[in-house]
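Enquirer: Right, I'll just put the structure down here and ask away after.
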Amino acid sequence: MSATFVIAQGGGPTAVINQTLVGAVLEIRKRYPDARVLGSRHGVRGIRDDNYVDLTEIPEEQLRLIGKTPGAALGSTRDKPDAAYCEVVLKGLQKASADAFIYIGGNDTAGTQQILSDAAGGKIAFVHAPKTIDNDLVENDHTPGFISAAEFVAGAFLSVDLDFRALPGIYVGIVMGRHAGFLTAAAAAWQQDEDSGPHLIYVPERAFSVDRFIDDIKATMDRHGRCIVAVSEGVSTEDGKALVESLVPADRLERDAHGNVKLSGSDLNAALEHALAEGLPGKRARVDALGYMPRGYIGAISPVDSAEAFDAGAFAIGVAADGGGSVAMNDIGWRWVLKNVPLSEVAGKTRHMPKNFMMKDENKLASDGKDYLRRLVPPKYQIGKPFV
């Protein structure tokens, strides 16, 4: 079959997003030896600007090396195309004589594919391949990129808990996650016992109260002599506003191109530090934002995550052959399978962490949440029990 496939990457890079790219390219070569494969630089912008990398003849050895490399090798974009932008992209795909467009990304990426698919009228196959460290795609048990990021977060909180045993105080780590708390919950994946941190977890699915936050920390300090806290950057107050909007003056808030408030900048750190200083004067306290580090850290690439990401890319080519759709990862009794679901089932939708993952009356991970993380992020290190 002589065909042209266009592949792009969108949204935040991950440690394994390039495995999905490579899985797709190698599967195309296997199924369609005469096909042309174009990589669009910086997501749909590359299609709009006719800016491609010809992946057709790149040696497999070089591709495999790219697959092991974090970040988005084709470049990414935060563009969230509307109908007019998608019309331009569709014209670009037609100019490239594209038979299929594989777009690797999250729910906004699926939304773009849905708009394009509707406009194309079946003449091009549009496929969404999953990627997000937030783990917030509906129809998925988990998503490529999450496991590696979760290992980083789990290791970071295991380590900082040991640090604060030696020099007791309060530590607050801000973890990425605008609407879903899976990655923040991963802070407890390698928790050693009930005495170990993180002692408190705050996620976007549950309203945040500064007064409750201070009271929780006071109680934890009384019990353990120290307090390790994991907070999602997207936690919101009872009125639905992001915490940063409640703590930071409006004239100091930063917003992205879509009008979304930037959540984990220095202002949120400073605001939480101020709340701690007022509520717990004289206590040793530190607030850090883990920021972008978890999503593409080369030292925490999970072999399982890599394999799943690669397979999702390969599966996407079969989905293209079926006319398009969204690749979804499901779990069946500790075994994961891939399936094709309609783009409309994923586009623009957010999967939230189930309520039963958190304790009902405490800001701590419940047994169901621990079981879920134990399956995806099993313990990696054996440590000695400190004397303090």
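Laboratory data are not the source of any read-out in this text; all were calculated from the coordinates shown. The structure presented is a predicted model; accordingly, all values stated were derived computationally and were not measured. Counting neighbours? That spans all protein chains shown, and the Cβs are built from the backbone with ideal geometry, glycine included.
Enquirer: Order of 21-34, 177-190, 71-84 by packing, highest average Cβ count within 10 Å first? Numbers along the way, then the final one.
Expert: On the way: 21-34: 19.9, 177-190: 26.8, 71-84: 17.9.
Ranking, from highest mean packing down: 177-190, 21-34, 71-84.
Enquirer: How high is the relative contact order of the chain? Use alpha-carbon pairs under 8 Å, at least six apart in sequence, and give a whole percent.
Expert: Details: 829 pairs, mean separation 86.3, N = 388.
For the chain, the relative contact order is 22 percent.
Enquirer: Kindly list the residues of segment 74-95 that lie in the label zone of Asp49, defined by a backbone N under 15 Å from the point 7 Å along the Cα-to-C-beta vector.
Expert: Residues passing the 15 Å test: 74-80, 89.
Enquirer: Between Asp222 and Arg286, what length in nm is gained on full extension when 0.36 nm per residue of separation is reduced by their alpha carbon distance?
Expert: Details: separation 64, 0.36 × 64 = 23.04 nm, distance 1.79 nm.
Separation in residues times 0.36 nm, less the Cα-Cα distance, equals 21.2 nm.
Enquirer: Right, another one. Enumerate the calculated ³J(HN,Hα) couplings along segment 172-182 in order (Karplus 6.51 cos²θ - 1.76 cosθ + 1.60, θ = phi - 60°), each rounded to whole Hz, writing x wherever the residue is Gly or Pro.
Expert: 10, x, 8, 10, 4, x, 6, 10, 10, x, 4
Enquirer: Need the full-extension length gain, Lys91 to Asp322, defined as separation in residues times 0.36 nm minus the C-alpha distance. One decimal, nm.
Expert: Gain on extension, Lys91 to Asp322, equals 80.9 nm.
Enquirer: Using θ = phi - 60° and the Karplus curve 6.51 cos²θ - 1.76 cosθ + 1.60, what whole-Hz ³J(HN,Hα) does each residue of segment 222-235 get, with Gly and Pro shown as x?
Expert: Values, residue by residue: 5, 7, 10, x, 7, 8, 10, 10, 10, 10, 5, 4, x, 4 Hz.
Enquirer: Still on this structure, please answer the following. Using only alpha-carbon positions, what ratio does the radius of gyration of segment 5-161 give when scaled by 2.2 N^0.38 Å? Don't skip to the answer; put the middle values down first.
Expert: Values: Rg = 16.0 Å, N = 157, 2.2 N^0.38 = 15.0 Å.
Expressed relative to 2.2 N^0.38 Å, the Cα Rg reads 1.06.
Enquirer: Right, here's the next one. Which lysines have a Cα less than 24 Å from the Cα of Lys385, not counting those fewer than 8 places away in the same chain?
Expert: Correct list for Lys385: Lys364, Lys370.
Enquirer: Can you report the principal axis dimensions of segment 287-352 using only the alpha carbons, biggest first, rounded to whole angstrom?
Expert: 47, 27, 25
Enquirer: Go ahead and collect, in residue order, the members of segment 190-217 whose backbone nitrogen is under 16 Å from a label point 7 Å along the Cα-Cβ direction of Lys370.
Expert: 190-201
Enquirer: Mind checking which lysines have their Cα closer than 22 Å to the Cα of Lys349? Skip sequence neighbours fewer than 8 apart in that chain.
Expert: Lys80, Lys131, Lys241, Lys262, Lys339
Enquirer: Give the distance, in whole Å, between the Cα centre of segment 1-35 and the Cα centre of segment 334-388.
Expert: The distance from the Cα centre of segment 1-35 to that of segment 334-388 comes to 29 Å.
Enquirer: Can you give the Rg to Rh ratio for the chain, taking only C-alpha atoms and Rh from Kirkwood? Walk me through the numbers before you get to the answer.
Expert: Numbers: Rg = 21.9 Å, Rh = 21.7 Å.
That ratio equals 1.01.
Enquirer: Using a 10 Å cut-off around each Cβ, can you sort Arg375, Arg45 from fewest to most neighbouring Cβ atoms? Don't skip to the end; give the middle numbers.
Expert: Values: Arg375 13, Arg45 20.
The order, fewest Cβ neighbours first, is Arg375, Arg45.
Enquirer: Follow-up question, since we're still on this one. Starting with the fewest neighbours, write out Tyr202, Tyr372, Tyr52 ranked by other beta-carbon atoms found within 10 Å of each beta-carbon. Write out the running numbers ahead of the final one.
Expert: Values: Tyr202 26, Tyr372 22, Tyr52 19.
Neighbour counts put them in this order, fewest first: Tyr52, Tyr372, Tyr202.
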